[in-house]
1. Starting from the 7 Å offset along Cα-to-Cβ, what nm value, one decimal, do you get for the label separation of F81 and E114?
2. Let me know the shape class of the stretch 90-135, please: from the alpha-carbon gyration tensor, a ≥ b ≥ c as square roots of the eigenvalues, rounded when a/c is under 1.5, otherwise prolate if a/b is greater than b/c, or oblate.
3. Net charge near P58, counting Lys/Arg +1 and Asp/Glu -1 over other residues with Cβ under 15 Å of its Cβ?
4. Taking K and R as +1 and D and E as -1, what net charge do the other residues with C-beta under 13 Å from the C-beta of G90 add up to?
5. Quick check: net charge around E112, other residues with Cβ under 13 Å of its Cβ, Lys/Arg +1 and Asp/Glu -1?
6. Assuming 0.36 nm per residue, please report the length gained on full extension of the stretch E105 to K57 beyond their Cα-Cα distance.
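Just so you know, all these numbers are worked out from the coordinates, no wet-lab data involved. Bear in mind that the values here come from a model prediction, so they are computed numbers and not experimental data. Please note: Cβ atoms are built from the backbone with ideal geometry, for glycine as well, and neighbour counts cover all protein chains shown.
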Amino acid sequence: MASFAAAAPVSFSSVSCSLKKNQVSNLRKASLSFHGKGFRSLTSHSAPRFRVTSAAKPETVDKVCEIVRKQLALPADRDVFGESKFAALGADSLDTVEIVMGLEEAFGISVEEESAQSIATVQEAADMIERLLEK
């Protein structure tokens, strides 16, 4: 699964790809280049910035959702998704620390304080976990 983020609105009328089926596996980062009349230089400071990142496996996201639900004592009918922000779920800074500790225990990882402070959503936590597990 991949996500696409841009600093400005983006639309594509036609996109072609020269990759063949099964040519790419475990893609983690990609860069895009655009050519043609309709594209201005991407080196300009006013041009949009693009980022393609690989999202965590669905089972990792699901496990993080369960841990967040448990740590925050959320009712079973409360929806928690990858896009869910900890603050929107009612977490304060202490709750976030407890969530990170729960994730460390559940996944057998150690999260640096700087990384822990930058996590705001379930998806960000799941992505960080997979990066740490790859090391």
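1. Using points 7 Å along Cα→Cβ, the separation is 3.2 nm.
2. It is prolate, given that a/c is not under 1.5 and a/b is the larger ratio.
3. Net charge around P58: -4.
4. 0
5. Overall, the nearby charge balance is -1.
6. 15.4 nm
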